[in-house]
Protein chains: 2
Amino acid sequence: MNIREFKDKAISGFSKLTKQEKIEWLISNVFENPREVIREFTEYWHKDETRQRVFDEISENTLTNFYLPYGVAPNFLINNKMYVVPMVIEESSVVAAAAKAAKFWLDKGGFSTQVLSTIKIGQVHFKWTGDGEALRAHMPVIKQSLRQAVKPLTENMEKRGGGLIDIELIDFTDTEEDLYQLRASFETCDSMGANFINSCLEEFGRNLPILLSDNERFLTGKGQCEVLMCILSNFTPESLVRAEVSCAVEDFGLVEGLPAEQFANRFAQAVRIAEIDPYRATTHNKGIFNGIDAVILATGNDFRAVEACGHAYASSSGRYSSLSHAEVSNGRFRFWLDFPMSVGTVGGLTKVHPLAKRSLELLGKPSAKELMQIVAAVGLAQNFGAVKALVTSGIQKGHMKMHLNNILANFEANAYEAERAKEYFLDKVVSFASVREFIQGIRAGAIKNFKA
Amino acid sequence: MNIREFKDKAISGFSKLTKQEKIEWLISNVFENPREVIREFTEYWHKDETRQRVFDEISENTLTNFYLPYGVAPNFLINNKMYVVPMVIEESSVVAAAAKAAKFWLDKGGFSTQVLSTIKIGQVHFKWTGDGEALRAHMPVIKQSLRQAVKPLTENMEKRGGGLIDIELIDFTDTEEDLYQLRASFETCDSMGANFINSCLEEFGRNLPILLSDNERFLTGKGQCEVLMCILSNFTPESLVRAEVSCAVEDFGLVEGLPAEQFANRFAQAVRIAEIDPYRATTHNKGIFNGIDAVILATGNDFRAVEACGHAYASSSGRYSSLSHAEVSNGRFRFWLDFPMSVGTVGGLTKVHPLAKRSLELLGKPSAKELMQIVAAVGLAQNFGAVKALVTSGIQKGHMKMHLNNILANFEANAYEAERAKEYFLDKVVSFASVREFIQGIRAGAIKNFKA
């Protein structure tokens, strides 16, 4: 087929079709079983059309709702306050591990957390062909003008205690000809602040060339200013929260058969490995994000932003490394996490998605700062649970039940077959082959009268 | 309150309660409005109890389903094949941008992609107090024994063309006393392979100390072997896919008012900035993940794994950097992405979640390799859309409609008020303050007879 023919198979104006028309187009052009597909897409709709429209309008070309399990992890004691934490996640064992870790630390004082800072960052990238020294010298004047230019945008944020903090000039000309950057810092209070920051930056971008073309007033050399792009940075190392647990080593008692001291040392050693080996650090941090993203999703925040920031931070030493750290010293065990993130409890989806709103109610309507602390505590709890399992009984024990379920679903096992398989594999190694053999056995009548 | 009292407020055995009992406990202990909460949690259940149970069992302590919009981006031409790509995402503009970028490249030949390799990694971390040189010398014997030990696990995977590839000894003793690692490589065909790999690794971990305690046979020095943990690595730089678009610069024509050459150069400059500035790289890559995660979610894969791998890869040069690259050379524009990921089209949730299964059908039941290519193409498309917007009209123009919707939801605007606001703000700056003023105006009757 040449490009002409592909274009004939393509569709124009798909986004303008109604939801029903979109589904009909898919059925005529892609799916094999029209009736089943229509039934499925429609059965996931909310029965109330008005409520369904809210979800349809969150994104584009929407056909239906993708269900993700909404669960809770109770017993989180954070800074002497009890929380039941909402978690949205499709991976098994994550919520169970968080709940177990919360309970584990409950009688050891729980989690202590603090927000170290809350500064957000935005950038105006531009080229300036004129004198760099003069540009630097006149930054105070430029800053003053830019601050004035965004006054209508920052006024409301200032009333809430936030606003534009500072604008810094960054010189990239040693790497790239004529390249500079305005790096602006903001305080956005309880909002994640993306729209606020981007609006301010685009206003800077509109004003900067005008300020620089008026160069006789304050610049010695002539030059051209070309603004390349204006956008916030998701890397916010100064919007930082710390979560920590600690206890006397002896308080551990026996952990899955391991004596307290041996457990503490093996745990600290495992964290140390994640500090020195990027291959291990990736998975170690992935475990932290299992907990973090589940709360981020449940509260209507943006997990891609939180992931990008956290992982970039994990690499800031020059080697991708663990986000958490542990030490055993003078008979005390300490385990902590420094995590940068930008979240909101107003704006964005937080009020639009009914369950996101409900999640915030469940958490006691926290401020953004309080939410940062809850999220970090859950990340640390998740990490604790994973590393604890790894250095004691191993990770597969907990995963095998779910693995078996998935394989059974693959063979479309009925309720009877699934029950028999669960009994049989309680003490046996689950693999695709062994489950297939077992199911084939049942179906051939060979295990007809099997009882556990 | 002291720890004793907190424990009294805690709950034991929460996970053992039924779903109804869990909701009742939350209502008695946390929520203010019992009737509303029960109504809300239950109205998001699937009306068919059997189907709902599938979602309840995916995770733990589940109460209801969190709806995420399920949409599609049509017109993706990838390696001369047309796709309609399913996307699950809560952020507005992502699906629209993907669909727009797909259309943009459709008549320029579409996306070309290739899988560069598909090797997965697993690790056994251990301490060995004996002679390191002897350990190294005897690795061939150890490897042979370990390969034999996992035969029952690898047999089935071998039939599908995969299995254990190799086991390498990594020496960490220059950083950490006695620390070594077995780094095993696997081919897992169409499955993500997490359970397969972890099962093999735990078998290695059980056998390694036995092999090393039998040290008279092959080791000169005596020593102790302590296995610390056995687990796959989510960092899979050798499970790598490349996606690319290219065209003659002049084929761009006018892009949002910019002449072709100027657009191409500004675009390449913007990508270059993401290569040299980690602050920009974080947001640049976040945009790539907007597209990637939406497909990963829609197909029942694990976005935390894909995020961790991609970001660790982005930092592998020692400075966190852009995952995509662009060049303008000899009148041609080229834009590409090398992206490591581990995904599956069998196993995990792919068959368990009905819409994940449906997504794979929509994509023509792809192999894992084909899915890697689709995912990478969508990531590149998303990145193209974001950078194109940034270097032309700016990002806020597209976001403002959604921003306005969110602010209106915050003020609980009714349909009439929302319609009036949308007309009014078509050509005005949207901010929290300006929308509040407008809504207050309507409510005070001041804008009663407003017509656009």
Looking at A:Ala149, A:Ala194, which one is of a type in the set (Gly, Ala, Ser), within 21 Å of the chain's Cα centre (by Cα) and in the same structural domain as A:Leu208 (by TED's automatic domain parsing)? A:Ala194
Where A:Glu250 falls short, out of the listed (1) in a strand (DSSP E or B); (2) surrounded by fewer than 22 Cβ atoms within 10 Å (Cβ to Cβ); (3) more than 8 Å from every other protein chain (Cβ to nearest Cβ): (1)
Check region B:171-183 and report whether any residue there is within 25 Å of A:Glu91 (Cβ to Cβ) and within 28 Å of the chain's Cα centre (by Cα). yes
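Examine region B:97-114 for a residue that is within 30 Å of A:Ala281 (Cα to Cα) and in contact with a Pro (Cβ under 8 Å, 6 or more places away or on another chain), and state whether such a residue exists. Walk me through it before giving the result.
So the first thing to find is which residues in region B:97-114 are within 30 Å of A:Ala281 (Cα to Cα), and the list is B:113-114.
Filter once more, keeping what is in contact with a Pro (Cβ under 8 Å, 6 or more places away or on another chain): none.
Checking region B:97-114: not a single residue is within 30 Å of A:Ala281 (Cα to Cα) and in contact with a Pro (Cβ under 8 Å, 6 or more places away or on another chain).
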Scan region A:269-280 residue by residue and report those that are in contact (Cβ under 8 Å) with a residue 60 or more places away in the chain and either surrounded by 24 or more Cβ atoms within 10 Å (Cβ to Cβ) or over 16 Å from B:Val227 (Cβ atoms) (or both). A:Val271
Scan region B:156-167 and give yes if some residue there is within 14 Å of chain A (Cβ to nearest Cβ), within 29 Å of A:Ser431 (Cα to Cα) and in contact (Cβ under 8 Å) with a residue 40 or more places away in the chain, otherwise no. no
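Within region A:401-417, track down each residue that is more than 8 Å from chain B (Cβ to nearest Cβ) and modelled with pLDDT under 75.
Quick first cut of region A:401-417, residues more than 8 Å from chain B (Cβ to nearest Cβ) only: A:401-402, A:404, A:408, A:411-417.
Within region A:401-417, A:Lys401, A:Met402 meet the criteria.
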Taking the conditions exactly as written (surrounded by fewer than 24 Cβ atoms within 10 Å (Cβ to Cβ), outside any strand (DSSP E or B) and modelled with pLDDT of 95 or more), does B:Phe126 satisfy them or not? no
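Run down B:Leu77, B:Leu17, B:Leu68 and say which single residue is free of Cβ contacts under 8 Å to residues at least 40 places away in the same chain, within 30 Å of A:Phe31 (Cα to Cα) and either within 7 Å of another protein chain (Cβ to nearest Cβ) or more than 23 Å from the chain's Cα centre (by Cα) (or both). First the steps, then the outcome.
Values: B:Leu17 fails: within 30 Å of A:Phe31 (Cα to Cα); B:Leu68 fails: free of Cβ contacts under 8 Å to residues at least 40 places away in the same chain.
It is B:Leu77.
Inspect all residues belonging to region A:78-86 and state whether any of them is more than 30 Å from A:Glu40 (Cα to Cα) and either in contact with a Ser or Thr (Cβ under 7 Å, 6 or more places away or on another chain) or not assigned by TED's automatic domain parsing to the domain that holds A:Ala368 (or both). Don't jump to the end; show me each part of the working.
Filtering region A:78-86 for residues more than 30 Å from A:Glu40 (Cα to Cα) gives A:78-85.
The next check asks that each one be either in contact with a Ser or Thr (Cβ under 7 Å, 6 or more places away or on another chain) or not assigned by TED's automatic domain parsing to the domain that holds A:Ala368 (or both); those that pass are A:78-79.
Scanning region A:78-86 turns up at least one residue that is more than 30 Å from A:Glu40 (Cα to Cα) and either in contact with a Ser or Thr (Cβ under 7 Å, 6 or more places away or on another chain) or not assigned by TED's automatic domain parsing to the domain that holds A:Ala368 (or both).
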When only residues in region A:94-123 that are crowded, with 22+ Cβ neighbours inside 10 Å and in a helix (DSSP H, G or I) count, which is nearest to the other protein chains (Cβ to nearest Cβ)? A:Val95
Does at least one position in region A:325-344 carry a residue that is touching a helix residue (DSSP H, G or I) at 6+ places or on another chain (Cβ under 6 Å) and at the interface with another protein chain (Cβ under 7 Å from one of its Cβ atoms)? no
For region A:389-400, which residues satisfy the criterion of being polar (S, T, N, Q), farther than 17 Å from B:Gly122 by Cβ and at pLDDT below 85? A:Ser393
Has region B:173-182 got any residue that is on the phi > 0 side of the Ramachandran plot and either of a type in the set (Phe, Trp, Tyr) or away from every other protein chain (no Cβ under 11 Å) (or both)? no
Helices (runs of 4 or more DSSP H) wholly inside region B:1-93 that include at least 3 residues being more than 24 Å from B:Ala294 (Cα to Cα) and acidic (Asp, Glu): B:34-43
Hey, among the residues in region B:10-50 that are surrounded by fewer than 12 Cβ atoms within 10 Å (Cβ to Cβ) and over 24 Å from A:Lys47 (Cα atoms), which one's modelled with the lowest pLDDT? B:Glu32
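Can you go through B:Arg266, B:Arg304 and tell me which one is basic (Lys, Arg), part of a helix (DSSP H, G or I) and in contact with a strand residue (DSSP E or B) (Cβ under 9 Å, 6 or more places away or on another chain)?
Details: B:Arg304 fails: in contact with a strand residue (DSSP E or B) (Cβ under 9 Å, 6 or more places away or on another chain).
Among B:Arg266, B:Arg304, only B:Arg266 is basic (Lys, Arg), part of a helix (DSSP H, G or I) and in contact with a strand residue (DSSP E or B) (Cβ under 9 Å, 6 or more places away or on another chain).
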Any idea which residue in region A:281-293 is surrounded by the most Cβ atoms within 10 Å (Cβ to Cβ), counting only those that are within 9 Å of chain B (Cβ to nearest Cβ) and of a type in the set (Gly, Ala, Ser)? A:Gly287
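Based on this model, can you work out whether A:Ala260 counts as small (Gly, Ala, Ser), in contact with a strand residue (DSSP E or B) (Cβ under 7 Å, 6 or more places away or on another chain) and more than 9 Å from every other protein chain (Cβ to nearest Cβ)? Write out each step before concluding.
Details: small (Gly, Ala, Ser): yes; in contact with a strand residue (DSSP E or B) (Cβ under 7 Å, 6 or more places away or on another chain): no; more than 9 Å from every other protein chain (Cβ to nearest Cβ): yes.
Criteria not met by A:Ala260.
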Residue in region A:345-389 that is farthest from the other protein chains (Cβ to nearest Cβ), counting only those that are in contact with an Asp or Glu (Cβ under 8 Å, 6 or more places away or on another chain), among the charged types (D, E, K, R) and over 14 Å from A:Ile296 (Cα atoms): A:Lys388
Where in region B:139-220 are there helices (runs of 4 or more DSSP H), lying fully within it, with 2 or more residues that are basic (Lys, Arg)? B:139-149, B:151-159
Among B:Val430, B:Val435, which is in contact with a His (Cβ under 7 Å, 6 or more places away or on another chain) and buried (at least 17 other Cβ atoms within 10 Å of the Cβ)? B:Val430
When region A:263-280 is checked residue by residue, the ones that are within 12 Å of chain B (Cβ to nearest Cβ) and of a type in the set (A, V, I, L, M) are A:Ala268, A:Ala270, A:Val271, A:Ile273, A:Ala274, A:Ile276
Index of the failed condition, A:Ala137 passing every other in (1) aliphatic (A, V, I, L, M); (2) under 30 Å from A:Gly287 (Cβ atoms); (3) modelled with pLDDT under 95: (2)
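In region A:299-322, what residues are among the aliphatic types (A, V, I, L, M) and facing chain B (nearest Cβ under 7 Å)?
Answer for region A:299-322, where residues must be among the aliphatic types (A, V, I, L, M) and facing chain B (nearest Cβ under 7 Å): A:Ala305, A:Ala308, A:Ala312.
The values are calculated or read from the model by the stated rules, or taken from the named source; none is laboratory data. The shown structure was predicted, so the numbers you read here are calculated from the model rather than taken from an experiment. So basically every Cβ, Gly included, is an ideal-geometry build from the backbone, and we count neighbours across all protein chains shown.
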